[in-house]
């Protein structure tokens, strides 16, 4: 009661009241007209969000389920894929590919670094049998934004499919699927879309559909070809997560009303805001360039422990943030600001971050970090964003 | 506004207000303490519901996903399973087994008939290499309740696993997993549990866990061994459907408060109620014995069309029921009364059924069908149920 809880993690994000009301609606039957209308209604909004003229298919699973679906549908065991491994979710691509019986070639990146188009071009040239590139738009474990547009320029003229995990990017930063030559774009409901987890969305390019028809996946649950056919009649292959889809309809209406451009502009401005505030505190950012929007990864000073900082932030300020993943659990802090979060939440987050750091025995510059953050926010809102992302700092 | 909508289908079922309020709560993070407490809190309630001392694992998928998970975890490609095919969901077991590369032997049943323990015993004797029996507790496409307890007596002393799809049975009619020697019991959220779809639950017996360790499933998303390990720390392997699990906590509290016995007694009484009313209207029941609780399948008179009846019931009474599936789409009507439905909803359903039948040009006895139904309900409530199901009529 003393502090309002504020969820500032890289997803799930807080839910808008309109969405929460939709989530609490009584059931409609997933094979009846009321639900068919929901399915019909969401398709244009999904295509707008994905920047595609292709169907966008809802699946009843987490984001990882959609990653697995994509790999099973597009590649046959024995084929080789190139994996961009820039963190935990890049590793997950490799694990999924391996579980499906694919051969993998990895580009291993230092934490905080994005892949370059040149690295991908070179890797593809060295191994002409590579059939696809698996990459994150945003690597959520490190807060790095890979240059998807440039990768699309590399793969577009070739026989290689570009498969993009957009889980913490779709609805947060631009990733227009058709314009950027993405062959498969997927996301989960609990990030930019401001919904609870449990719903994934996936879309394939026309040439990816051709590949899916060749690959003859043996996966019974994730059969995107059968799903596509059902979707054409505004149905799902199996029972669909009805209340999440009702919530999605509301979320997509909000995107339509505000426009994607305005949402990106806000997300960009909040990202600049956090970076300015964190720098003003004398802290180090993990990603110097190519940084994810909606998430800022902070490398903590020697001796600091993210667990203690997070505990203080939660208990004395109500602010919930995340630590690092894997080896960086203690030494990294991830400040989420995607989805239904605004500048005032970010101010609270910066205050809680400083409090946690100082009270756990660390050092932070005092001074004008909150004002510096607000100024960066206002400037970025006014000046707007570059579609390709964060390398213009 | 003139008629309240009443969902009387075999799932999804209407949602209790308490559950709807839980579904609309703002997000908590799936890796943080608030959610760990939800996970910890639901486990005893799930074990009570499943009648097991084993862990019950939540999965982010539809019921079909859990069926697929079970098959992938318990059997290796090339092994043979016995499939009880009594309708569309029995067929689904076969399709899943085939997709996973298993050999199948099927027991084909006429619609409306349950399998017998003798049929299963004979089939197992003829093919000693059979490693498992795949069966529905309740075959939702026909409204038949298979004798799971008796099947458990057949498989208990052997090396054969009994794998039970309890999607429209768990929380509706008894299927105590441990007492009945069930090796795998699974369900979905949108039936007896009174939740939206999108969450599945699965539990394995100790010898099924041993088998899972042998089978070495290659399924990345449905890895129950890894899921079990995570569950021991009140976590899920991948991002969990947070709001459905928050709703589940409330639903399980309701089961605890009312007791399973009282819920079964009510479901049994409503089942007797619908059967009495339907017979009093001069209509024919598909399942004569071994009928599903919570769902009544009606064979329509010659010339009647379920589509027209359902349309009238929906448009002039607000009552949503289901037709048959596949070949019986037009000639069968499925009246659902599971989950959050009570006797008054059933009365409305009987009235709407008669109205639809008569106004679409069919015949139905007039007279005392509503009173007959209420009398059957009161009698059944008083006399109670036999645990094994519906063959005592």
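Please treat every number below as a calculation from the coordinates, not as lab data. Please read these numbers as outputs of a predicted model, since none were measured by experiment. Cβ coordinates were reconstructed from backbone atoms using ideal geometry, including for glycine residues, and neighbour counts include every protein chain displayed.
Hey, for residue A:315 with labels 7 Å out along Cα-Cβ, what do the inter-copy distances come to in nm, ordered shortest first?
Distances to the matching label points in the other copies: 6.4 nm.
For the range A:17-257, just list the percent of Cα-Cα distances falling in each 5 Å bin from zero outward, please.
Using 5 Å bins, I get a P(r) of 1, 7, 15, 20, 20, 16, 11, 6, 3, 1, 0, 0 for the range A:17-257.
Defining the label point at 7 Å along Cα→Cβ, can you sort the distances from residue B:329 to the same site in each other copy, shortest first, in nm?
So the label point of residue B:329 gives 5.3 nm to the other copies.
For a quick check, take a GNM of chain A with Cα springs below 10 Å and name the residue from A:228, A:382, A:88 with the largest mean-square fluctuation.
Of A:228, A:382, A:88, the most mobile in the Gaussian network model is A:382.
Does the range B:24-112 classify as rounded, prolate or oblate by the C-alpha gyration tensor (a ≥ b ≥ c root eigenvalues; a/c under 1.5 gives rounded; else a/b over b/c gives prolate, otherwise oblate)? Don't skip to the end; give the middle numbers.
Values: a/c = 2.52, a/b = 2.24, b/c = 1.13.
Cα axes put the range B:24-112 in the prolate bin.
Taking 8 Å as the Cα distance limit and 6 or more residues as the minimum spacing, I'd like the relative contact order of the range B:94-190 as a percentage.
23
Using only the alpha carbons of the range B:259-383, what is the convex hull's orientation-averaged projected area in square nanometres? Each step should come with its number before you reach the end.
On the way: hull surface 29.8 nm².
Projected area, direction-averaged: 7.4 nm².
Where does the protein assembly as shown land on Rg/Rh, using Cα atoms and the Kirkwood Rh?
0.99
Quick check on the protein assembly as shown: of the DSSP beta bridges with both residues there, what percent are antiparallel, nearest 5%? Can you show the working numbers first?
Numbers: 40 of 80 bridges.
The antiparallel proportion sits near 50 percent.
Counting only helical runs of four or more DSSP H residues, what would the 222 nm mean residue ellipticity of chain B come to if each run contributes -39,500 (n - 2.57) and the total is spread over all its residues?
It lands at -13500 deg cm²/dmol.
Sticking with the crude label model, points 7 Å out along Cα→Cβ, report the distance from residue B:344 to residue A:311 in nm, one decimal please.
Those two pseudo-labels are separated by 5.2 nm.
Could I have the simple spin-label model distance between residue B:17 and residue A:119, label points 7 Å from Cα toward Cβ, reported in nm to one decimal?
Between residue B:17 and residue A:119, the label points sit 5.7 nm apart.
Could you check which residue among A:39, A:27, A:67 shows the biggest mean-square fluctuation in a GNM of chain A with a 10 Å Cα cutoff?
Top of the fluctuation ranking is A:27.
Hey, with R₀ at 56 Å, roughly what FRET efficiency would residue A:379 and residue B:365 work out to, going by the Cβ-Cβ distance, to 0.05?
Between residue A:379 and residue B:365 the formula returns 0.10.
Could you work out which residue, out of B:126, B:215, B:365, moves most in a Gaussian network model of chain B, that is, has the largest mean-square fluctuation with Cα springs under 10 Å?
Its mean-square fluctuation being the largest, the pick is B:126.
On a 0 to 90° scale, report how tilted helix B:63-74 is relative to the longest principal axis of chain B, with both axes built from alpha carbons and the result rounded to the nearest 10.
30
Using the Cα atoms of the range B:46-87, I'd like the radius of gyration and the largest Cα-Cα distance, Dmax, both in angstrom.
When restricted to Cα atoms, the range B:46-87 yields Rg and Dmax of 13.0, 36 Å.
For residue A:230 and residue A:258 in the same chain, what is the full-extension length gain: residue separation times 0.36 nm, less their Cα-Cα distance, in nm? Mind showing how you got there, number by number?
On the way: separation 28, 0.36 × 28 = 10.08 nm, distance 3.05 nm.
Length gained between residue A:230 and residue A:258: 7.0 nm.
If I take every Cα pair under 8 Å that is 6 or more residues apart in the range A:259-383, average their sequence separation and divide by the length, what percent do I get for the relative contact order?
36
May I ask you to derive the relative contact order of the range B:17-257, considering only C-alpha pairs under 8 Å and at least 6 residues apart, and to give it as an integer percent?
It comes to 28 percent, rounded to a whole number.
Say a label goes 7 Å from Cα toward Cβ at residue B:249 in every copy; what distances in nm does this one have to the rest, shortest first?
The answer, with the shortest distance listed first, is 2.9 nm.
Using a simple spin-label model with points 7 Å from Cα along the Cα→Cβ vector, what separation in nm is obtained for residue B:158 and residue A:289?
Spacing of the two 7 Å Cα→Cβ label points: 6.7 nm.
Can you work out which chain B residue has the shortest Cβ-to-axis distance for the rotation that carries B onto A, and give it in Å?
Closest to the rotation axis on chain B: B:24, 2.
Pop out the Kirkwood hydrodynamic radius of the range A:110-196 from its pairwise C-alpha distances, inverse of mean 1/r, in Å to one decimal.
Averaging 1/r across every pair of different Cα atoms and inverting gives 13.3 Å.
Does the range A:319-362 come out rounded, prolate or oblate by the C-alpha gyration tensor, with a ≥ b ≥ c the root eigenvalues, rounded set by a/c under 1.5 and, if not, prolate when a/b is larger than b/c and oblate if not?
Oblate shape, in that a/c is at least 1.5 and b/c is the bigger or equal ratio.
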